[in-house]
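Note sheet for the following structure.
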């Protein structure tokens, strides 16, 4: 499989919304706001932060976004990382995560944060393998108030 991670543009907003909804269908709890992803929200995220699209054999297979915190732009939250069902089982999300880490390092970001849903705890080990640590004292800025609070993890990029 030929893989490429490319930076998302504003023209990709609808594609990313479609990818997110398709990747989360049947995988993430129906109450998740990702199931109601709209291009306008994606475009806002891209304007405030950025995103990447994972291409597998030139076909969009997944995406991820990041957003700087309003209170501290040197801290980014990783959001909506997803891979379509037909591409799972090949560790492809790692390519998206690595792309965000590299972009953050190149952008002088001090810290990355991400949230792990209470029904996706198996991801804790994956993120720990990339240097993320539990940060139970933190709250995720984009948490859905109608769901259990996610577990926040952080990776310090500058010590």
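Just so it is clear, none of the values below were taken in a lab; they were calculated from the coordinates. Treat the numbers as computed from the prediction; the structure is a model and nothing was measured. Every residue, glycine as well, gets a Cβ built from its backbone with ideal geometry; the counts of neighbours run over all protein chains shown.
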Length-normalised contact order for the stretch 74-159 - Cα pairs under 8 Å, 6+ apart - percent | 34
Computed FRET value (nearest 0.05) for residue 72 with residue 144, which takes r as the C-beta separation and R₀ as 22 Å = 0.50
Rel. contact order, % - alpha carbon contacts under 8 angstrom, at least six apart, the chain | 20
Which one is right for this structure if Kirkwood radius over Cα pairs in Å is calculated from it: [x] 16.6; [y] 19.2; [z] 15.7?
-> [z]
Helical contribution to [θ] at 222 nm, DSSP H n ≥ 4, -39,500 (n - 2.57), averaged over the chain, rounded to 500 | -8000 deg cm²/dmol
Using a simple spin-label model with points 7 Å from Cα along the Cα→Cβ vector, what separation in nm is obtained for residue 40 and residue 158?
-> 3.7
Assuming R0 = 22 Å, can you tell me the calculated FRET efficiency for the pair residue 106 and residue 134, based on Cβ-Cβ distance, to the nearest 0.05?
-> 0.25
Output the peptides 92-100, 10-18 sorted from most to least packed, where packing is the average of other Cβ atoms within 10 Å over each peptide's residues.
-> 92-100, 10-18
Förster radius 25 Å - calculated FRET efficiency between residue 18 and residue 47 (Cβ-Cβ, nearest 0.05) = 0.85
